[in-house]
1. If A:PRO134 meets every condition in (1) surrounded by fewer than 22 Cβ atoms within 10 Å (Cβ to Cβ); (2) within 12 Å of chain B (Cβ to nearest Cβ) apart from one, which number is that one?
2. In the stretch B:242-289, what count of residues is obtained for those that are hydroxyl-bearing (Ser, Thr, Tyr), within 23 Å of A:TYR133 (Cβ to Cβ) and more than 8 Å from chain A (Cβ to nearest Cβ)?
3. Among residues belonging to the stretch B:173-195 that are part of a helix (DSSP H, G or I), surrounded by fewer than 18 Cβ atoms within 10 Å (Cβ to Cβ) and free of Cβ contacts under 8 Å to residues at least 40 places away in the same chain, point out the one that is nearest to the chain's Cα centre (by Cα).
4. Is the stretch A:230-251 home to any residue that is closer than 20 Å to B:TYR95 by Cβ, within 11 Å of chain B (Cβ to nearest Cβ) and under 20 Å from the mean Cα position of the chain (by Cα)?
5. Here is a list: A:ALA124, A:ALA148. Which entry is in a helix (DSSP H, G or I) and either over 30 Å from A:GLN85 (Cα atoms) or of a type in the set (D, E, K, R) (or both)?
6. Check B:ASP234 against each of (1) among the acidic types (Asp, Glu); (2) touching a strand residue (DSSP E or B) at 6+ places or on another chain (Cβ under 9 Å); (3) assigned by TED's automatic domain parsing to the domain that holds B:ILE63 and name the one condition it does not meet.
7. Only residues that are within 14 Å of chain A (Cβ to nearest Cβ), of a type in the set (Ser, Thr, Tyr) and farther than 30 Å from C:LEU42 by Cα: list them for the stretch B:25-83, please.
8. Exactly one condition in (1) buried (at least 21 other Cβ atoms within 10 Å of the Cβ); (2) outside any helix (DSSP H, G or I); (3) of a type outside the set (D, E, K, R); (4) within 14 Å of chain A (Cβ to nearest Cβ) is not met by B:ILE227; state its number.
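The values are calculated or read from the model by the stated rules, or taken from the named source; none is laboratory data. The structure displayed is predicted, hence computed values, not measured ones. Glycine also receives a Cβ, built like all others from the backbone with ideal geometry; neighbour counts cover every protein chain displayed.
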Amino acid sequence: MIRRFVLCAALLFAAPVLVPPAFAQEAEETKLLDAHFSFDSLFGTIDIKSAQRGLQIYKEVCSACHGLYELSYRNLEQLGYTEDQVKAFAADYTVPDIKDDGSAGERPAKGSDKFVRPFPNEKAARAANNGGYPPDLALIVKARKGGANYVYSIMQGYQDPPPDVKISSTAYYNIYFPGHQIAMPPPLQDGSVTFADGTKNDLAQEAHDVATFLEWASNPELAERKQMGINVLIFLVILSGVLYVAKRRIWKDVH
Amino acid sequence: MASTTSGDRPQNRFVQWVDYRLPVFTFLNHELRDYPTPRNLSYLWNFGSLAGIVLVMMIASGIFLAMNYTPNDTLAFESVERIMRDVNYGWLIRYVHMNGASMFFIVVYIHIFRGLYYGSYKAPREILWMLGVVILLLMMATAFMGYVLPWGQMSFWGATVITNLFSALPIIGPKIVTWLWGGFSVGNPTLNRFFSLHYLLPFVIVGVVVLHLVALHQHGSNNPLGIDKKGKQDSIPFHPYYTIKDSFGLAVFLLPYAFLVFFYPNFFGEPDNYIPANPLATPAEIVPEWYFLPFYAILRSTPDLLFIPSKLAGVLLMFGSIAVLFVLPWLDTSPVRSGRFRPVFKWFYVSLIIDAFLLGYVGKHKPDATLFGIALPTIGWLGTLWYFGYFLVILPLLGFFEKPLKLPTSISEAVLKKGAGVASGAA
Amino acid sequence: MADIANVHGGNPHSDGGTRRDFLVLAGTALGAVAAATAVWPLISSMNPAADTLAAGGPVDVDVSKLAPGQQIVVMWRGAPIFVVNRTPEALALLQKPDLVDKLRDPDSQVHQQPTYADNWHRSADPQFAVLVGICTHLGCVPNFLPKPNPTSPSADWPGGYFCPCHGSKYDLAGRVYKGVPAPYNLPVPPYNFTSKTTLRIGENPTGVAFELSSVQQM
């Protein structure tokens, strides 16, 4: 009976484990870099300081082409900014508004507004980028295989193409991008951004920070979710233990 | 048995008053407390109650998601993101619902494979089994429509590919597809009606589950030995024995479920579904959710069959793979129920499980990939033939040619023997 | 299921009986905790979401554009807010004993306003009335009738609000008349002047804590 129970439990637990071989990567893809993010481990959360630097990179570099539409400015309070800092950050951007005479106008963005997108619509985005569409970054970490490591790798994956590979004139060669031809020019180099807290600003650090920021953007609930997860798992282990002992006791006279 | 419950428990006035007018308490007592259940059920018998509990969890989480979801093609994706970011605990309810679907299928597949091994589909449980197949079909329809609702790339393109299948039907095919879509392609009308039906079907499932339980209680549960109860000593009351065992099983089940929800919530998902649907851009690989992969493999691997083009043949065999389950009680000719006493059957059963995983692998990967040097469509076709061969050829033949092991005379005899340290029929 | 009582056809071992009871009780208690913990997020999800709370933030009104005797209506948290630039004549009429006699609660004894509106003009600055434009009877939006009139909608009408649904009447400080269906004065929302010309609805002056939900009745 124990044998069968172990078999059933194994089946339940094995489903997530047996399945990975089916999800094995195709042979031609280059293995992504591993940034060893703070949030990789079971108990790890997002490094707030790193995310703040990542926000700076987004604002100074990425926001020229990439939107962050699912986020509202008030969400930045989760990254340790005060309400006033958020107000000031938002006020740098304008959103459409109706003037008193009824004509179209603008007003400064508030905390409750969504992040302003660089282009009004997809056509404008494509027209400004050789027909390519810079994807919105709010969900990019969940929308790509490899998640934050994918972003971290892409940032550092630009290289000269191998001699036998021909690439289009509007594309760049990136070893981590599927198909290797990416429409985005290398967005970051060493020293692209100067960090207010004096952190070393080489490419690896910048890539690390912007990927951390984007992980937060995709998964803002991460810290709360993991904390709750630990509590729930501990509780369930205790509950299982109590119920198991109760079951054995009740079944003693049957066996 | 009037309005009192078992023997020496005093009934309070309230219970008696209600029970006299609507015998709820007598009913619950008869079906859930005193109900005689075989004493030798293994943990594989936990999965029925687990499935019922997951159904309740899915309905609860789904109703609260529906309070915030908008079934419109321009608003759906954002409404889901609003749930994830702004609604209190919205991320939790969404991940519970999303991973609950996967857990539901894991539980139900184990439940089905339990039935396949122990002959639970044999007389007198044929209708019980067929009701179960109906539940499976309804679950698949519900899950398919549910996956469309977030309106991501996979939602849209999965819907497009699967609804397009119906165009393979001769003459009426294209008309049916237009009718399903409510337009010239998958679009807002499709999304809206899928939401309506996705909300409806789980309650239809509840109805069929009730029938499933009524059918079950007609003759009681099967058991690992596959032999009928001979007398009172073969059974024990459902409460407290199986209530506590089911509770324990539930707690253990919740562990991997919680692990997924809180630490790897997107493990079973496709990253492409976090990209809003774009009718102009087809994803590199259109892959259904994992629980559909074996069926997807059958669909894609079927070649032209005689005069039937491969597209239609694939559709027919895909639905056929479920249809064959309906008639299973009449395909298996063996007089022995439980696989424990069928030494040859055991190996074919194991091959079926391997076949299922193999088909899943084929369904997951691109048709031009290979495994051990063989093209996946070839493996898929062989796997499909093996699947149908198991049900249509092997099971009918085994009944005649297999020499089963000696069955114990009764359940309690086998249990007592085990208790005394003598090895009984090993699994 | 906490009471296990007798097992059908079996004898509980006397030594294990109470231990078993305890375990089942413990398991049931933990199970109840689990159920409550599972239900709580569902109930909490029905509370206003973060974006709803953010959208319910304060609204600024530029009162320099408001002519004397004029009213504008501004939406705040889904409710119409009346902002009136009261003329000195209207303010004088508010204090006349004839009017005060006709009112149900002239001294605003019922808690329908913040402390800074606990006066005869029910406002922080006598010149501007800020009132929640929802009739305290059954929720219709009263009509603005500021001009004094000898007969309509009542004798010696000094100016105020008349609700079209069931005839309730209020003066220009939102105080309800006697003998009408509405039971209470119009509520006053939290507000303060952030500058001489900017009225911010939804935010109290510093040091005052007042929630609109604390009033007797909307």
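1. Among (1) surrounded by fewer than 22 Cβ atoms within 10 Å (Cβ to Cβ); (2) within 12 Å of chain B (Cβ to nearest Cβ), A:PRO134 violates only (2).
2. 1
3. By that ranking, first place goes to B:ARG193.
4. No, the stretch A:230-251 contains no residue that is closer than 20 Å to B:TYR95 by Cβ, within 11 Å of chain B (Cβ to nearest Cβ) and under 20 Å from the mean Cα position of the chain (by Cα).
5. Details: A:ALA148 fails: either over 30 Å from A:GLN85 (Cα atoms) or of a type in the set (D, E, K, R) (or both).
Among A:ALA124, A:ALA148, only A:ALA124 is in a helix (DSSP H, G or I) and either over 30 Å from A:GLN85 (Cα atoms) or of a type in the set (D, E, K, R) (or both).
6. (3)
7. Correct list: B:THR37, B:SER42, B:TYR43.
8. Looking at each condition in turn, B:ILE227 falls short on (4).
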